[in-house]
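Following: one structure in structure tokens, then a few remarks.
None of the figures in this text is laboratory data; all of them are computed from the coordinates on show. Quantities reported herein were computed from a predicted structural model and do not represent experimental measurements. Here Cβ is always computed from backbone atoms with ideal geometry, including for glycine, and neighbour counts include all displayed protein chains.
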Protein chains: 2
Amino acid sequence: MSLIVQKFGGTSVGTVEKIRQVAEKVSKFHGNGDRIVVVVSAMSGETNRLVALAQEMQERPVPRELDVLLSTGEQVTIGLLCMALDEIGVSAISFTGSQVQLLTDDSHTKARIRRVDDKKIQQELEKGNVVVVAGFQGVDEAGNITTLGRGGSDTTAVALAAGLGADECQIYTDVDGVYTTDPRVVDKAKRLSHISFDEMLEMASMGSKVLQIRAVEFAGKYNVPLRVMHSFQDGPGTLITLEGAEEMETPTIAGIAFNKDEAKVTLLGVPDTPGVAHQILGPVGAANIEVDVIVQNVAPDNSTDFTFTVSRGELAQTKEVLADAVASLNARELRTDDTIAKVSVVGVGMRSHAGVASKMFETLSESGINIQMITTSEIKISVIIEEKYLELAVRSLHTAFELDGDPPSKADD
Amino acid sequence: MSLIVQKFGGTSVGTVEKIRQVAEKVSKFHGNGDRIVVVVSAMSGETNRLVALAQEMQERPVPRELDVLLSTGEQVTIGLLCMALDEIGVSAISFTGSQVQLLTDDSHTKARIRRVDDKKIQQELEKGNVVVVAGFQGVDEAGNITTLGRGGSDTTAVALAAGLGADECQIYTDVDGVYTTDPRVVDKAKRLSHISFDEMLEMASMGSKVLQIRAVEFAGKYNVPLRVMHSFQDGPGTLITLEGAEEMETPTIAGIAFNKDEAKVTLLGVPDTPGVAHQILGPVGAANIEVDVIVQNVAPDNSTDFTFTVSRGELAQTKEVLADAVASLNARELRTDDTIAKVSVVGVGMRSHAGVASKMFETLSESGINIQMITTSEIKISVIIEEKYLELAVRSLHTAFELDGDPPSKADD
């Protein structure tokens, strides 16, 4: 008998009919003797409706009251899902974030979970009930309603799974698993049966938007096995664990990730002295602009070039906040380019395979693609290339690292 | 400095624009230095939308989960009203029924209030905040969300006013007060400046549907002064207190109430022995049919006639459940009539004025109206007459008891 936490997002519970289908799926697991906790989001469109109401009232709604408003979305879903379960003979009970004392800090609209009181849930599971919990919401020490921000329901599910010591946390979504790369770009992309938390983080942060990074980090921290599955199709999905694939013949590379939302900023001819990087990136960070890749080469003389990337929407602001630094550093030129993209090969296996980098560069070279920047980490190598070569690069690398499979079956919703 | 509880119903908070107007009204009182607690209902239409969703899922929704669903309606309003107040510079904080620990029994969808924990509210009032509380909802001892059923928000307001020892509980609605009778029937109907709880109960239960009976009873029990006011017009409204009007020249009669939804049931020739009334009304009560007027005359021989009234919609069912009693009592005939109506004169002043009854009967007689049944209580006299004479009777009595005033100004919404 397993304890499973299942999370269904907004599109999976978007209509009464879909909620019925979710109830059927939950009922199957419950019928197998598993103990089930279900976490749900607001019905798709509902959160947008509530945000629009709030903004009609106030351009910048009071955060505490916005949370009071937004948390009603999930509360509607938990009530409806319990009704749907009751209708097919499965006894179920719903809880809001406040009722299960999902305690958070007091940062309204982007609260962080502190701890979960699992007593109530355990009691109901022991009675044989399916327990349905509202995702995305919690309560602070003073009893104020909080919400967790983007991807909050995934995080709720992982937190409950960690607190309850669940055997598995299943995230139901509109794809049937995690792929070696985006199937819209490479039609031979394959579903992975296993992937590690670290690999998933690299895949998720670079465009494979199946899971929220925050939930993956959380699951990794508490070692909660995560499984990505399709809401309305059967299938094993992709299991995400500490180790990733356990087969003997582990493929070196898990997948090819990419991101088009990158713009490059280069300061030419800045002094090669301590403190320069801080003088450049300090004002950028202070303006809350997120920096992705940073590259600085060894300098042939006492000056050097400093390059980094930001998301395209923040390029204009980046140039503004850099004006002072450019002047005080006496930089020769500030050059920017928003026609670039990033491609990465990701895999825990590359730790012990020095040949991955050379194979990657060779493949891109054979396709006539120039590499503008390179960065590496333990489990990934990323290159910045011209945007127009992105699809070609991803397809070439997918083939070169032997990731090609049969084209996946299309999801039916 | 007064402490005032203000309650705004669904039509008063039906749109973002109307919520803004409510905020303006609240702001005026707050600006005068009064401490203000506001109780709000769901935006009009919202509760119906949620009920429809639930019934699409389940013909008879699980009551516990229906309460989880329905309570979101008021939660949306409290958030929006606090935003509207913040927008005009009034600091406000919202609370759900659960957050203020409005404790009820566990009768889902029709819970009864047990007690209110006013600590949180007092703390916020002392900080100078307007406190906005979700009406209609509470929480049972186990922490389950409950709702109070019809008129629940009025009841919430009165309960909070009682708990907080408020100086006044203002119920805002779409009329500017309580009238001597229905202005749609008598255009000379006058707004009453004062009325007693007892009189209000008699007026409310017989068609003047301004306040829910339950809230009036509650207010009377805890001696909370209630004031009925118009949401979007200025004016003193009608104050409802234990004593009613305090002027020296108290009018004998507060108003004329009436009810068309009455049907008469008569059992002719039943034995005049103990237990007969119970044999007749026992099965009616067991079928949850509400009986209004009951009349039994002294019998000239050992048989008598027994008459009572029910609402018209329950007449058919009443006849069914009486079939056995009619047989076992060997009644001569079961006669029914659904073309009747009830007219009542109401007033605490009549306790000391024996002439009220004779004046009422004289007035009806002068208008050629036959009286079918008569019942009396300490503060009212009711008669059953043919329905077609109802308007004539109400107008004649309104004039005879000197209640006529200038035609009221029309409400502007």
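Efficiency by 1/(1 + (r/R0)^6): what FRET value for B:GLU387 and B:ALA316, r their Cβ-Cβ distance, R0 = 25 Å, to the nearest 0.05? FRET efficiency, B:GLU387 to B:ALA316: 0.85.
A:ASP234 label point (Cα plus 7 Å toward Cβ) to equivalent points in the other copies: 7.2 nm, shortest first.
Within a straight-line Cα-Cα reach of under 19 Å, B:LYS319 can be paired with the following lysines, leaving aside sequence neighbours fewer than 8 residues apart in one chain: B:LYS264. Backbone N atoms of the range B:271-287 closer than 16 Å to the 7 Å Cα→Cβ label point of B:ALA323 belong to residues B:283-284, B:287.
Site pair A:GLU366 and A:SER193 shows an inter-label distance of 2.8 nm when each label is modelled 7 Å from Cα along Cα→Cβ. The long axis of helix A:63-87 is offset from the longest Cα principal axis of chain A by roughly 50 degrees.
Can you give me the orientation-averaged projected area of the convex hull built on the Cα atoms of the range B:256-400, in nm²? Mind showing how you got there, number by number?
Numbers: hull surface 37.2 nm².
Here the figure is 9.3 nm², rounded to one decimal.
When the square roots of the Cα gyration tensor eigenvalues are ordered a ≥ b ≥ c, the ratio a/c for the range A:3-47 is 1.5 or more and a/b does not exceed b/c, which makes its shape oblate.
For the range B:1-158, a/c is not less than 1.5, where a ≥ b ≥ c are the root eigenvalues of the C-alpha gyration tensor, and a/b does not top b/c. That puts it in the oblate class.
Between copies, the label points of A:SER193, set 7 Å from Cα on the Cα→Cβ line, lie 8.8 nm apart, reported in increasing order to one decimal in nanometres.
The convex hull around the C-alpha trace of the protein assembly as shown, projected and averaged over every direction, spans 45.5 square nanometres. Model label sites at B:LEU334 and B:SER44, defined 7 Å from Cα along the beta-carbon direction, differ in position by 4.2 nm.
Net charge of the neighbourhood of B:ILE294, taken over other residues with C-beta under 14 Å away and scored Lys/Arg +1, Asp/Glu -1, is -2. Scanning chain A for the Cβ atom closest to the axis that brings A onto B yields residue and whole-Å distance A:THR72, 2. In the assembly of identical copies, A:SER377 has its label point, taken 7 Å from Cα in the direction of the beta carbon, separated from the corresponding points by 7.5 nm (ascending, one decimal).
For chain B, what does the equivalent ellipsoid look like in terms of its semi-axes, each the square root of 5 times an eigenvalue of the Cα gyration tensor, given largest first in whole Å?
Details: eigenvalues 344, 154, 64 Å².
They are 41, 28, 18 Å, listed from largest to smallest.
Computed over chain A with a Gaussian network model linking Cα atoms closer than 10 Å, the most mobile of A:LEU53, A:LEU103, A:LEU392 is A:LEU53. For the peptide A:61-67, the mean number of other protein chain Cβ atoms found within 10 angstrom of a residue's Cβ is 6. Between the Cα long axis of helix B:276-286 and the first principal axis of chain B there is an angle of about 30°, rounded to the nearest 10. A Gaussian network model of chain A, with springs between Cα atoms under 10 Å, assigns the largest mean-square fluctuation among A:VAL37, A:VAL116, A:VAL291 to A:VAL291.
Over 18 Å apart at the Cα level, from the set A:LYS190/A:LYS359; B:LYS7/B:LYS28; B:LYS260/B:LYS342, are A:LYS190/A:LYS359. Here's the list of aspartates and glutamates a cross-link from B:LYS188 could span, going by alpha-carbon distance under 16 Å and ignoring same-chain residues fewer than 8 apart: B:ASP176, B:GLU391, B:GLU402, B:ASP404, B:ASP406.
Averaged over the residues of peptide A:125-138, the number of Cβ atoms from other protein chains lying within 10 Å of each residue's Cβ is 0.
Restricting the range B:322-410 to GluC sites (Glu not before Pro) that sit in a DSSP loop and have at most 13 other Cβ atoms within 10 Å of their own Cβ leaves B:GLU378, B:GLU402. Sorting B:ARG312, A:ARG214, B:ARG35 from the fewest to the most surrounding beta carbons within 10 angstrom yields B:ARG312, A:ARG214, B:ARG35. Sorted ascending by nearby beta carbons within 10 Å, beginning with the fewest, B:HIS194, B:HIS398, A:HIS278 become A:HIS278, B:HIS194, B:HIS398. Largest GNM mean-square fluctuation across B:ALA54, B:ALA92, B:ALA204, computed for chain B with C-alpha springs under 10 Å, falls on B:ALA54.
Computed log10 I(q)/I(0) for the range B:218-337 at 0.10, 0.14, 0.20, 0.21 Å⁻¹: -0.52, -0.74, -1.03, -1.11, from the Debye equation with unit scatterers placed on every C-alpha and solvent omitted.
Quick check on the protein assembly as shown: of the DSSP beta bridges with both residues there, what percent are antiparallel, nearest 5%?
Values: 88 of 144 bridges.
Here the antiparallel bridges make up roughly 60 percent for the protein assembly as shown.
How large is the helix-only mean residue ellipticity at 222 nm for the protein assembly as shown, computed as the sum of -39500 (n - 2.57) over DSSP H runs with n ≥ 4, divided by its residue count, in deg cm²/dmol to the nearest 500? Using -39500 (n - 2.57) per qualifying helix, the result is -10500 deg cm²/dmol.
When Cβ neighbours within 10 Å are restricted to other protein chains, what is their mean count per residue of peptide B:88-97? Mind dumping the intermediate values first?
Working: counts 0, 0, 0, 1, 2, 5, 7, 4, 7, 0.
Taking all residues of B:88-97 together, the mean is 3.
The A:GLU17 and A:ASP106 beta-carbon pair, evaluated with R₀ = 45 Å, returns a calculated FRET efficiency of approximately 0.75.
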